[in-house]
Amino acid sequence: MTLVIRGQVISFASDGAVLHEPKGAVLVGGNGHIEWVGPANAIPAHAMSATMHDYGDKLVMPGLIDAHIHFPQYRMLAAPGRDLLDWLSRFTFPEEARYSDHAYAAVKAEIFLDRLLAHGTTTALTFCSVHKACADALFAAAERRNMALITGKTMMDRNAIPAVQDDPETGARESEELYKSWHSKGRLRYAVTPRFAVTSSEEQLRLSGELLKSLDGALIQTHISESAREIAMVKTLFPNAKDYTDVYDQFGLLSERSLLAHGIHLSERECQRLSETGSTVVHCATSNTFLGSGLMSMTHLQKAERPIHIGVGTDVGGGTSYSMLATLGETYKVQMLGGYKPTAAELFRMATIGNAQRLHIEDETGSLSVGKFADIAVIDPEATPVLKSRHELSQSLEDILFSLIILGDDRAIAATYVAGNRLHQKEAA
Ligand code: GUN
Ligand code: ZN
């Protein structure tokens with residue numbers, strides 16, 4: 001069965017090019033892949049009798065990609081910590097402790113993924129809790145939806161409550177078991193997931209480096225240089241390291257496959273090493289302002305002589321919104337405070353093809369290109385009264401995209417498709 005999705009088709013290429021067909025269409029083949037994209041008046045003859053989903057002037061865009069989010073924090077947004085470490089110990093670890101129970105995690109995984117889809121997010125690089133059962137539950141729920149989901153069991157063997165701690169050997173063994181069960185099953189991928197240097201011993205970080213080397217195609221995700229007290233604690237825990245980045249470097253954790261959330265307070269030397277190793281820093285703007293962590297500067301990280309790859313993520317539940325639109329809006333504001341004014345097109349590119357590249361899945365998602373899976377968000381730039389009146393003033397595509405990042409959220413998501421299946425549709429008002 002083929003499907004034609006009609007609307008204002010927009011997609012971003014990594015070289016900065018923008019595809020914009022104001023009256024466009026995407027043809028989806030029976031295997032969930034994009035067969036053709038172009039003007040609606042030129043749909044190939046063989047698709048003339050296909051099922052049609054017509055969205056009028058709404059935007060038909062690649063599904064949004066969240067490069068950093070925590071599944072077991074899905075219901076703890078707006079927990080007011082004094083800073084990161086206070087927030088982790090007071091709210092986060094007790095909440096994550098619940099995910100030792102597979103039945104509990106399985107129910108929550110359905111809610112979590114449906115919530116991502118309701119916000120137009122079709123792919124995420126996600127933290128689970130320390131419990132293997134949590135990752136098993138999330139992988140299973142994502143597989144049923146045919147999502148390109150990347151996750152892993154969090155490894156953390158110190159400086160937390162016992163209910164969310166493992167030990168180096170168990171953490172490594174369970175990570176390997178999960179990789180064998182789920183990596184490359186359908187569209188799923190595994191990420192080795194040491195939480196951060198504060199909660200992993202040297203032995204656990206060493207084993208994480210070995211896992212990254214031995215598990216073919218796996219990513220590694222962790223946190224880096226987020227808050228002042230965290231950085232001071234890392235200095236005490238690793239007195240021989242040059243700095244925070246050097247801790248991960250010493251254990252072989254920096255590579256093209258490494259995604260490090262935050263990176264707010266990185267020194268010149270650290271930026272140099274992150275650039276040399278091809279690592280990615282994932283900017284999580286709503287979390288950084290909410291927890292008072294600081295203002296990450298994209299211009300600092302992207303200096304021409306040592307550019308660092310940058311991804312974008314919500315960091316729910318430190319982040320305050322599941323919406324990548326809202327996250328891009330906050331990214332804009334944080335960068336403005338640092339003296340840099342990104343365009344909306346640049347930010348949408350980061351949240352689609354950019355994040356797909358950072359997650360090494362650009363061959364299958366991130367843009368509306370023939371041969372990729374039809375992972376699609378349909379976005380309504382007139383979804384609310386405020387957006388509608390703002391839309392009356394929009395004179396360009398950039399205007400429309402910009403109004404969506406500042407004023408948009410899940411209310412603007414009209415529908416979401418994963419591999420050509422419509423898994424979310426906004427209820428009529
Ligand atoms: N650093 C270590 N764990 C976490 C977490 O769960 N959230 C955030 N924002 N930072 C962290
Ligand atoms: Zn995080």
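Every number here is computed from the coordinates shown, using simple stated rules; none is lab data. Note that the structure is a prediction, hence the values are computed from the model and not measured. A quick note on method: Cβ atoms are made from the backbone with ideal geometry, for glycine too, and the neighbour counts reach across all protein chains shown.
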Please give the contour-minus-distance gain from Lys235 to Glu268: 0.36 nm per residue of separation, less the Cα-Cα distance, rounded to one decimal in nm. 10.2 nm
Got a sec? How would Cys271, Cys284, Cys134 order by Cβ neighbour count within 10 Å, fewest to most? Cys271, Cys134, Cys284
When all alpha-carbon pairs of segment 1-77 are counted, what percent fall beyond 17 Å? 53
Mind checking which of Phe91, Phe127, Phe71 has the largest fluctuation in a GNM of the chain, springs on alpha carbons under 10 Å? Phe91
Calculate the dipole size of segment 177-316 relative to its Cα centre from +1 charges on Lys and Arg beta carbons and -1 charges on Asp and Glu beta carbons; express the result in debye to the nearest 20. 300
In the structure shown, do any of Lys132/Lys185; Lys213/Lys341; Lys23/Lys388; Lys333/Lys388 have a Cα-Cα gap over 27 Å, and if so which? Lys213/Lys341
If you find the alpha carbon centre of segment 140-165 and of segment 16-80, how far apart are they in angstrom? 28
Going through segment 373-429, which GluC sites (Glu not before Pro) have at most 14 other Cβ atoms within 10 Å and a DSSP loop state? Glu392, Glu427
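With both bridge residues required to lie in segment 1-138, what share of the DSSP beta bridges run antiparallel, to the nearest 5%?
Numbers: 14 of 25 bridges.
Just about 55 percent of them are antiparallel.
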So what's the gap between the Cα centers of segment 248-267 and segment 363-411, to the nearest angstrom? 32
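Please state, as a whole number in µm²/s, the translational diffusion coefficient that the Stokes-Einstein equation yields for segment 311-400 at 4 °C and 1.567 mPa s, with Rh defined as the Kirkwood radius across alpha carbon pairs. All intermediate terms of the calculation are to be shown ahead of the outcome.
Details: Rh = 14.7 Å.
Translational diffusion coefficient: 88 µm²/s.
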For the chain, build the charge dipole from Cβ charges (+1 Lys, Arg; -1 Asp, Glu) around the Cα centre, then report which of His53, Gly30, His265 sits farthest towards its positive end. His53
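Using just the alpha carbons, could you tell me how many Å³ per residue the convex hull of segment 178-281 encloses? Mind showing how you got there, number by number?
Numbers: hull volume 9.6 nm³, N = 104.
Roughly 92 Å³ of hull volume per residue.
Stretched out fully, how many nm does the piece from Glu276 to Glu364 gain, at 0.36 nm a residue minus the Cα gap? Write down the numbers at each step before the final one.
Values: separation 88, 0.36 × 88 = 31.68 nm, distance 2.68 nm.
So the extension gain works out to 29.0 nm.
Dividing the Cα convex hull volume of segment 141-232 by residue count, how many Å³ per residue is that? Can you show the working numbers first?
On the way: hull volume 10.0 nm³, N = 92.
Hull volume normalised by residue count: 109 Å³.
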Among Met298, Met76, Met336: highest mean-square fluctuation, GNM of the chain, C-alpha pairs under 10 Å: Met336
Checking every Cys Cβ in the chain against the others at 4.7 Å leaves as unpaired Cys271, Cys284
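Would the chain count as rounded, prolate or oblate if I go by the C-alpha gyration tensor, calling it rounded below 1.5 in a/c and otherwise prolate when a/b exceeds b/c, oblate otherwise? Each step should come with its number before you reach the end.
Working: a/c = 1.80, a/b = 1.50, b/c = 1.20.
Taking the square roots of the gyration eigenvalues as a ≥ b ≥ c, the chain is prolate.
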Extended-chain gain in nm, criterion 0.36 nm per residue less alpha-carbon gap, Glu143 and Glu202: 17.9 nm
